[in-house]
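The values are calculated or read from the model by the stated rules, or taken from the named source; none is laboratory data. Being a predicted model, the structure only gives us computed values, none of them experimental. Every residue, glycine as well, gets a Cβ built from its backbone with ideal geometry; the counts of neighbours run over all protein chains shown.
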Amino acid sequence: MASIRSLKKEINFEITSFIDECYDIMIGFPENEEDLNEVIDGAVDLYDQVIAEVNAAGDVVSKSAYFSELETKFYDQMASLRNKLAQLESE
């Protein structure tokens, strides 16, 4: 990780790309709109949670390890959201 600023940009990019993908699928599958909105809400909640954790890193002793763990956790949760999206898309 180069900096907190780049991490925040990376998180923002991943979440907005995912939400755009959800809206694209919503156009093709309007019958899944309610379920897709729940997935989008999950992505927004994840964004809020991760950004709050990034901002709360001021008191952390080992920032490098903290941010590495945070980044890994973020990508694991993004993978979970992508799996939910794939399931909705295949229905």
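Below is a table of values for the structure above.
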| item | result |
| --- | --- |
| Selection count where residues are among the hydrophobic types (A, V, I, L, M, F, W, C), surrounded by fewer than 17 Cβ atoms within 10 Å (Cβ to Cβ) and in contact (Cβ under 8 Å) with a residue 40 or more places away in the chain, scope region 56-87 | 1 |
| Pair list, Cβ under 6 Å, 6 or more apart: region 1-18 residue farther than 16 Å from SER68 by Cβ, other residue modelled with pLDDT of 95 or more and among the hydroxyl-bearing types (Ser, Thr, Tyr) | ILE15/TYR47 |
| Residues of region 20-55 classified as in contact (Cβ under 8 Å) with a residue 24 or more places away in the chain and among the hydroxyl-bearing types (Ser, Thr, Tyr), total | 1 |
| For ASN37: the one exception among (1) part of a helix (DSSP H, G or I); (2) loosely packed, with under 12 Cβ neighbours inside 10 Å | (2) |
